[in-house]
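For reference, the structure discussed in these notes is given below.
The values are calculated or read from the model by the stated rules, or taken from the named source; none is laboratory data. Computed from a predicted model, the values in this text were never measured in an experiment. Methodologically, a virtual Cβ is constructed for each residue, glycine included, from the backbone with ideal geometry; neighbour enumeration extends over all protein chains shown. Note: areas computed on protein heavy atoms with side chains; ligands, DNA, RNA excluded. Shrake-Rupley method; radii C 1.70, N 1.55, O 1.52, S 1.80 Å.
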Amino acid sequence: MKSIINYIMFTIFVLTVQPIFVCATDDDGRWWDADFDGISLSPIAGQGQTQEGSDTVILYISGDSVISADNTVNGPAELKNATDSLITKYKLEFDGDGSSNTGAANTAYAEYDSFLSTPIEIRHAIGDDDVQITLWVEASNKPDNAADSGVYNATQTLTVSW
């Protein structure tokens, strides 16, 4: 077992969203106001500790859309450094429920390789053309395996289609 360091240096990763810019007609435009900023997590101080962080963007839509994620096994969405990886989970929260306001049901945390494996529908409500989407990430050590100290990075790519 690797030696346990009191603190793992700041766990940092950058989350990017591949924006889709399509304006075939005025009714088809969907776009992000900006990419998610990088999310920095506090140091993981012990074997059983988890850390989480989030960032929010606004998605402008004028019709129903579907959001999915790159959940490739051992892909870029897993927090890793040169020697180790951490348990990496993601979830989404929406400011609308997809009924009276544009949005969708919030998701529960899922490991990076199953996060949004079934895309979810973002429902458009007439008169509400934007939805705040908050991407959450949670990181922890694997059971019985404390990760080496250092900087861990991941890139989560979300895709919106219609």
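Grouping the Cα pair distances of the stretch 78-162 into 5 Å bins from zero gives a pair-distance distribution of 3, 14, 20, 19, 14, 11, 8, 6, 4, 1, 0 percent in increasing distance order. Applying 1/(1 + (r/R0)^6) with r as the Cβ-Cβ distance of T72 and D95 and R0 = 30 angstrom yields a FRET efficiency of 0.55. Spin-label model, T56/A82: points 7 Å from Cα along the beta carbon direction are separated by 3.9 nm. What the stretch 64-162 shows is 44 Å² of accessible area per residue, with the surface traced by a 1.4 Å probe over protein heavy atoms. Extension gain for N145-W162 works out to 1.9 nm (0.36 nm per residue, less the C-alpha to C-alpha distance). Binning all Cα-Cα separations of the stretch 79-118 at 10 Å, short to long from zero, yields these whole-percent fractions: 28, 35, 24, 10, 3.
Ligands, DNA and RNA left out, the accessible area of the stretch 51-145 computed with a 1.4 Å probe is 43% carbon and sulfur.
Between A105 and A34, what FRET efficiency comes out of the Förster formula 1/(1 + (r/R0)^6) with R0 = 25 Å and r the beta carbon distance, rounded to 0.05? According to the calculation, E is roughly 0.55.
Between the stretch 57-84 and the stretch 104-122, the C-alpha centres lie 10 angstrom from each other. 3J(HN,Hα) couplings calculated from phi for the stretch 154-159 with the Karplus curve 6.51 cos²θ - 1.76 cosθ + 1.60 (θ = phi - 60°) are, in sequence order, 8, 10, 9, 10, 9, 10 Hz; Gly and Pro show x.
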